[in-house]
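The values are calculated or read from the model by the stated rules, or taken from the named source; none is laboratory data. Predicted, not measured: the structure shown is a model, and the values here were computed from it. All Cβ positions, glycine included, derive from the backbone under ideal geometry; neighbour counts span all protein chains shown. Only protein heavy atoms, including side chains, enter the accessible area calculation; ligands, DNA and RNA are left aside. Shrake-Rupley method; radii C 1.70, N 1.55, O 1.52, S 1.80 Å.
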Amino acid sequence: MKLIPPCIEFNSSANNNSIVLGEALASEEVNFVFPSQEFSKQAHVSSIQKYAEMYGRSVEDPAGFWSDIASEFYWKQKWGQPVYTDNLDIRNGKIDIQWFKGGKTNICYNCLDRNIDTGNGDKVAILWEGNDLGRDATLTYTQLLARVCQLANYLKSIGVGKGDAVIIYLPMLMELPIAMLACARIGAIHSVVFAGFSAESLAQRIVDCKPKIVITCSAVKRGAKTIFLKDIVDDALTQSAQNSVKIDVCLTFENESALQKQMTKWVEGRDIWWQDVVPKYPVTCDVEWVDAEDPLFLLYTSGSTGKPKGVLHTTGGYMVYTATTFKYAFDYKPKDIYWCTADCGWITGHSYVTYGPLLNGATNVVFEGAPNFPDAGRCWDIVDKYKISIFYTAPTLVRSLMREGDEHVTRYSRKSLRVLGSVGEPINPSAWRWFFNVVGDGKCPISDTWWQTETGGFMITPMPGAWPQKPGSATLPLFGVQPVIVDEKGVELEGECSGYLCVKNSWPSAFRTLYGDHERYETTYFSAFPGYYFTGDGCNRDKDGYYWLTGRVDDVINVSGHRIGTAEVESALVSHPQCVEAAVVGVEHDVKGQGIYAFVTLAEGVSYSEELRKSLIKVVRDKIGGFAAPDKIHWAPGLPKTRSGKIMRRILRKIASNSLDELGDTSTLADPTVVDQLIALAHS
Ligand code: WTA
């Protein structure tokens, strides 16, 4: 198999640049971190040879490989033939991906009923940890099913059925996965909106998918702060009504720990307390059997234009793929206790908080709070409290905790930890080493999982018992994934190389379309390099065949692992009456990975002031959400533009990062003097 790294001997002693799990990773020179024999022996995939065999079959016979795995799930009716059909080549017509078509199943049934039927009803499904110390709760698989059924019955009673959209705007309460599963049970399409988005962003999503109901809660506490979510929803519903999308029902969970019921504003006839209605419904609910290709959910993500894209995932392939990747990438075993710190408002929370773990019958932590509250030791307090064995987080959290000092980690035992995971952005080797040495005490492999909202599940990720990791590399492709690196002309590069990351085949959990805009799906992802799915990421492949992701190559910024379109921030800024033009670029940031750097041109006669800076930042918070607030506003009397009026972002990036000797050729600008003006204003 050509894709197997050519020079890795599964024998660390052959290489003095490597260590084995259990040893400290002291030197920056260390290249490979090998699994110990003990780890490999117990792993699902214990050697690179075994991986090569399985991977080989997965790409030579995808239908057979995935059918065998799919058979482990419950299907009311088996899928038809062929197992999958796809066209990823725009030159051959419509882009089309289908897996297990004709099969009838239900992902909620496979997460809950199936696990209960096999004797796991009393196993804990969700360990909920509240924001405030001492607040927690648990749900077994049987209890979770009962809660899901009650909500599903309520949804049915108000007329929500197969194919209807439901917007969920909830923080990390148990009710969030419950709501997702209840929708899935009755064939409704959930669209979770991260509860950090503003009213305007929520309204935009409501207008796009026209849900039958919005599900939210009164308020939530994050750290010491209370966020009044219901007020945000009220505002969003007013805005969507102005755009002719009227929502009849707003189901509101009362989150007592954050706010008393009587303090929540109420619209009679529309707003309903969850606690008043849902518990009255029966604890069993018939399953709606859906086609494998029926939609499961919509999740909006940022792209290079101002309008968010509704990424659509279907049921069967997504189910099979998320379950499988969860099992192999984390080497999951039934006795593991798993915690993913992501919010269900993002894809990681969909695939690896709700679906992947529950499909595997795992015990799963859902954490409401902020990871540094009440102090920087909170994560490890939770790890010890629940004896967590698999801990999955983002580099930005690793870096922020790293800054607080080792003592916040070392005062906890963490001896239950077995596997660590990282997602959201490339993990820089120094953060990798700290995560490995200090958090994992040198004994836990790190699965650096590269994937995207669009891919549904992990794509390039270590299998921790099968091959060595390298700090900073996502390593090798998972089953069925054929990554390729192409140059700017779309020519596939061989061996050691650097270019654009594409995928040349379909895999079961690939997204099927952008909701209501198949044309945008085709042009955004399949037109740049015909014949391939283009990821939007730059990537290097080293001499061992390992993949190193280098970040986005489009107009998307990755801030603390959150995808933000530069165009979204720019359109928020220019909506400010005193701002006429804005150009936003990403700039390196110690903790967030990338920060948002905004060049802003003001209206004639308006002068810069601290007050104006604050009100510009506020407009972004109001239009998108606090997580998209610019880190820096750079006053720009003019922007560097080509003669045809295109903003030269390349130059702006250099100014933002203070790399003035790398400005390059500025002679093609319509007015080269703007560059000097901008440099002069850099520190104002
Ligand atoms: C980036 C999150 C390097 C990448 C699952 C991708 C990563 C975008 C990694 C998708 C990783 C995510 N190493 N880069 N392990 N994980 N990315 O859709 O740029 O929120 O294209 O999905 O995050 O972000 P999204």
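Restricting attention to the stretch 46-86, and to residues there that are among the charged types (D, E, K, R) and within 18 Å of Ser509 (Cβ to Cβ), which single residue is most open to solvent (accessible area, probe 1.4 Å)? Don't jump to the end; show me each part of the working.
First, the residues of the stretch 46-86 that are among the charged types (D, E, K, R): 50, 53, 57, 60-61, 68, 72, 76, 78, 86.
Now drop any that are not within 18 Å of Ser509 (Cβ to Cβ), which leaves 68, 72, 86.
On the way: Asp68: 87, Glu72: 116, Asp86: 65 Å².
So the residue we want is Glu72.
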Search result, residues across the stretch 137-152 that are crowded, with 17+ Cβ neighbours inside 10 Å and touching a strand residue (DSSP E or B) at 6+ places or on another chain (Cβ under 6 Å)
Leu139, Thr140, Tyr141, Leu144
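In the stretch 605-630, which residues are among the acidic types (Asp, Glu) and touching a residue at least 12 places away in the same chain (Cβ under 8 Å)?
Step one: list which residues in the stretch 605-630 are among the acidic types (Asp, Glu), which gives 610-611, 622.
Across the stretch 605-630, the qualifying residue is only Asp622.
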Taking the stretch 297-346, which residues are part of a loop (DSSP other than H, G, I, E, B), out of contact with any Leu (no Cβ under 7 Å at 6 or more places or on another chain) and away from the ligand (no atom under 12 Å from the Cβ)?
Ser304, Thr305, Gly306, Lys307, Phe330, Asp331, Tyr332, Lys333, Pro334, Lys335, Asp336
Which numbered condition in (1) surrounded by 16 or more Cβ atoms within 10 Å (Cβ to Cβ); (2) modelled with pLDDT of 95 or more; (3) out of contact with any strand residue (DSSP E or B) (no Cβ under 7 Å at 6 or more places or on another chain) is the only one that Ile651 fails?
(2)
Just need a number here: residues in the stretch 294-308 that are modelled with pLDDT of 95 or more and either of a type in the set (Gly, Ala, Ser) or touching a helix residue (DSSP H, G or I) at 6+ places or on another chain (Cβ under 7 Å) (or both).
5
Among the residues of the stretch 140-158 satisfying the criterion of being in contact (Cβ under 8 Å) with a residue 40 or more places away in the chain and farther than 20 Å from Phe297 by Cβ, which is farthest from the chain's Cα centre (by Cα)?
Ser157
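Kindly provide the set of residues from the stretch 361-387 that are in a loop (DSSP other than H, G, I, E, B) and touching a strand residue (DSSP E or B) at 6+ places or on another chain (Cβ under 6 Å), ordered by number.
Step one: list which residues in the stretch 361-387 are in a loop (DSSP other than H, G, I, E, B), which gives 361-362, 368-377, 387.
The answer is Ala362, Ala370, Lys387.
Table: residues versus (1) touching a Leu at 6+ places or on another chain (Cβ under 6 Å); (2) without any contact (Cβ under 8 Å) to a residue 12 or more places away in the chain; (3) under 30 Å from Met180 (Cα atoms).
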residue: Arg57; (1), (2), (3): no, yes, no
residue: Phe73; (1), (2), (3): no, no, yes
residue: Gly80; (1), (2), (3): no, no, yes
residue: Gln98; (1), (2), (3): no, no, yes
residue: Cys111; (1), (2), (3): yes, no, yes
residue: Asp117; (1), (2), (3): no, yes, yes
What are the residue pairs meeting all of these: first residue in the stretch 437-448, first residue of a type in the set (Ser, Thr, Tyr), second residue in a loop (DSSP other than H, G, I, E, B), Cβ atoms under 7 Å, and 6 or more apart or on different chains?
Ser447/Phe330; Ser447/Thr461; Ser447/Pro462; Ser447/Pro464
When you scan the stretch 347-358, do you find a residue that is in contact with a helix residue (DSSP H, G or I) (Cβ under 7 Å, 6 or more places away or on another chain), assigned to a loop (DSSP other than H, G, I, E, B) and at negative phi, even just one?
no
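Within the stretch 153-181, count every residue that is in a loop (DSSP other than H, G, I, E, B), of a type in the set (A, V, I, L, M) and surrounded by fewer than 24 Cβ atoms within 10 Å (Cβ to Cβ). Before you say what the answer is, go through the steps one by one.
Initially, the stretch 153-181 is screened for residues in a loop (DSSP other than H, G, I, E, B), giving 158-164, 169-174.
Checking the rest, the ones that are also of a type in the set (A, V, I, L, M) come to 158, 160, 170, 172-174.
Cutting the leftovers down to surrounded by fewer than 24 Cβ atoms within 10 Å (Cβ to Cβ) gives us 158, 160, 173-174.
Residues in the stretch 153-181 being in a loop (DSSP other than H, G, I, E, B), of a type in the set (A, V, I, L, M) and surrounded by fewer than 24 Cβ atoms within 10 Å (Cβ to Cβ): 4 in total.
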What number of residues in the stretch 632-646 are modelled with pLDDT under 90 and of a type outside the set (Lys, Arg)?
3
List the pairs whose first member sits in the stretch 449-471 and is closer than 19 Å to Ile19 by Cα, whose second member is within 8 Å of the ligand (Cβ to nearest atom) and acidic (Asp, Glu), and whose Cβ atoms are under 9 Å apart, counting only residues at least 6 apart or on separate chains?
Pro462/Asp448; Gln469/Asp448; Pro471/Asp448
Within the stretch 472-499, considering residues that are open to solvent by 10 Å² or more (accessible area, probe 1.4 Å) and of a type in the set (S, T, N, Q), the one nearest to Ile19 (Cα to Cα):
Ser498
For Val606, are the conditions met, namely being aliphatic (A, V, I, L, M) and either in a strand (DSSP E or B) or closer than 29 Å to Ser667 by Cβ (or both)?
no
Please name all residue pairs, on different chains or six or more residues apart, with Cβ atoms under 8 Å, provided the first residue is in the stretch 508-535 and is without any contact (Cβ under 8 Å) to a residue 60 or more places away in the chain and the second residue is not in a strand (DSSP E or B).
Ala528/Gly490; Phe529/Gly490; Phe534/Tyr525; Phe534/Phe526; Phe534/Ala528
Collect the residues in the stretch 82-95 that are in contact (Cβ under 8 Å) with a residue 12 or more places away in the chain and not in a loop (DSSP other than H, G, I, E, B), keeping them in residue-number order.
Tyr84, Thr85, Asp86, Ile90, Arg91
Inside the stretch 655-682, the number of residues satisfying the requirement of being within 33 Å of the chain's Cα centre (by Cα), surrounded by fewer than 19 Cβ atoms within 10 Å (Cβ to Cβ) and within 22 Å of Glu570 (Cα to Cα) is 2
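How many residues does the stretch 302-326 hold that are surrounded by fewer than 20 Cβ atoms within 10 Å (Cβ to Cβ) and within 30 Å of Phe391 (Cβ to Cβ)? Even if it seems obvious, please write down each step before you answer.
Kept after step one, since they are surrounded by fewer than 20 Cβ atoms within 10 Å (Cβ to Cβ), are these residues of the stretch 302-326: 304-307.
So of that shortlist, the ones also within 30 Å of Phe391 (Cβ to Cβ) come out as none.
Total satisfying the criteria: 0.
Suppose we filter Leu21, Leu25 for residues that are farther than 22 Å from Leu478 by Cβ, crowded, with 16+ Cβ neighbours inside 10 Å and touching a helix residue (DSSP H, G or I) at 6+ places or on another chain (Cβ under 7 Å); which single one remains?
Numbers: Leu21 fails: farther than 22 Å from Leu478 by Cβ.
It is Leu25.
Within the group Val484, Val491, Val503, which residue is without any contact (Cβ under 8 Å) to a residue 24 or more places away in the chain, farther than 20 Å from Cys340 by Cα and among the β-branched types (Val, Ile, Thr)? Give the steps one after another, and end with the answer.
On the way: Val484 fails: without any contact (Cβ under 8 Å) to a residue 24 or more places away in the chain; Val503 fails: without any contact (Cβ under 8 Å) to a residue 24 or more places away in the chain.
None of the other options fit; the residue is Val491.
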